[in-house]
Every structure is written in C-alpha cells, then in structure tokens.
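Take a look at the structure below.
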Amino acid sequence: MTLFGIAGWSGSGKTTLLARLIPALVARGLTVSTIKHAHHAFDIDTPGKDSHTHRMAGATEVLVGSAARYALIHELRGAREPTLEELAARLAPVDLVLVEGFKKEGHRKLEVWRASVGKPPLWADDPSVVAVASDGPVPGCPLPVLPLDDVEAIAAFVAAAAGLRPRAA
C-alpha cells in the first residue's frame with residue numbers, strides 16, 4: 001500500500017482537490033482510500049443512537065454495520081494518538097492511500113499552495129514535498145508546479161510519483 005499526501009494550509013483547497021483527484025485516479029483503474037487528520041476531538045457518532053450509547057457506556061470499539069457500509073469507532077481514552085502508519089495498517093489493501101493533513105510526517109506529498117492564503121510554502125522546509133499544485137506562480141519553487149485546476153495532470157503526477165501504472169477500470 002502506497003501513501004501519498006496532499007498537504008497545505010487551511011483554506012488552500014486540499015479537500016476540494018481530493019474530491020476531484022479521487023475519481024480521476026479511480027478512472028485510471030486504481031483503488032484509492034483516504035486518511036484525513038483532524039486537529040480536534042471530532043465525533044462521527046450521534047447522541048441518542050445505540051452506537052453512541054455503547055461508546056458512552058465505556059466500549060473501546062463500536063462497529064456499526066449495514067448492507068451499504070460499516071464504520072469502526074475506536075475510543076483512545078487517553079492513549080496516545082496513533083501514527084499515520086498505524087492508521088494506514090487498519091485499512092483494507094488498495095493501490096493508493098491519499099493522506100490529507102499529517103503535513104509534518106515524512107511521506108511524499110503534493111503541496112496545495114495559494115498566495116491568497118497568506119502562509120509560507122511548506123516545500124521550503126519539508127523535503128518530502130515533491131511537487132506543488134497552485135492557482136498561480138510559486139516564486140522560487142524548484143519543484144514541479146502543477147496548475148491546481150488541471151486535475152488530470154495532477155492525477156498523472158501522483159500516480160507516477162507513487163509508482164502506479166493506470167490499468168483498465
């Protein structure tokens with residue numbers, strides 16, 4: 001399983017790019033999963049639902065399953081945050097795992113950068129950034145710079161950088 005990151009500051013367009021990039025990669029015949037880092041205590045469970053009641057009662061894990069999908073909720077209960085590698089090991093095998101966030105980890109990344117966000121580029125201090133996708137020029141950038149609106153070029157770059165060849169869908 002290959003990890004490839006989409007990193008950038010809040011408001012740069014990471015999620016919007018991923019929403020367009022995933023179908024472009026799937027259209028190339030690749031299987032894709034994602035891992036998203038959240039900076040705060042998020043909750044996908046709803047008070048009043050049985051699963052929430054189980055969790056609040058002290059269950060370490062609650063798995064909710066149906067004919068359409070399943071979700072596993074694991075409470076850390078004070079344990080350390082799992083590493084990116086530990087989280088990835090919990091996924092079913094796929095060709096590519098796209099990682100949103102985890103910008104301080106050492107996996108290869110495409111930086112989404114917009115001058116309008118007003119933040120410095122990550123590539124200047126992060127050797128794991130291998131290219132930048134931007135809506136304009138990226139002054140001084142020695143890396144490949146891809147147009148942020150050219151999802152096909154970005155998909156081709158990500159697949160190649162991950163060592164994946166397109167196959168029949």
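Bear in mind these aren't lab numbers, they're just calculated from the coordinates by the rules spelled out. None of the values given here were measured: they were computed from a predicted structure. Cβ coordinates were reconstructed from backbone atoms using ideal geometry, including for glycine residues, and neighbour counts include every protein chain displayed.
Here are the numbers for the structure shown:
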| quantity | calculated |
| --- | --- |
| Trypsin sites (Lys or Arg not before Pro) restricted to segment 1-86 and DSSP loop, no more than 14 other C-beta within 10 Å | LYS49, ARG69, ARG77, ARG80 |
| Loop sites in segment 4-100: GluC sites (Glu not before Pro), DSSP, at most 15 other Cβ within 10 Å | GLU75 |
| With Cα atoms, 0 to 90° folded angle of helix 151-161 axis to the chain main axis | 80 |
| Between segment 130-165 and segment 1-66, the alpha-carbon center distance in angstrom | 23 |
| Helix axis angle, 14-26 relative to the chain longest principal axis, alpha carbon, degrees | 90 |
| Backbone HN-Hα couplings from phi across segment 30-40 [Karplus 6.51/-1.76/1.60, Hz, Gly and Pro as x] | 8, 8, 10, 10, 10, 10, 10, 8, 10, 8, 9 |
| Under 17 Å from the ALA160 label point (7 Å along Cα→beta-carbon), backbone N, segment 104-148 | 109-111, 130-134, 142-148 |
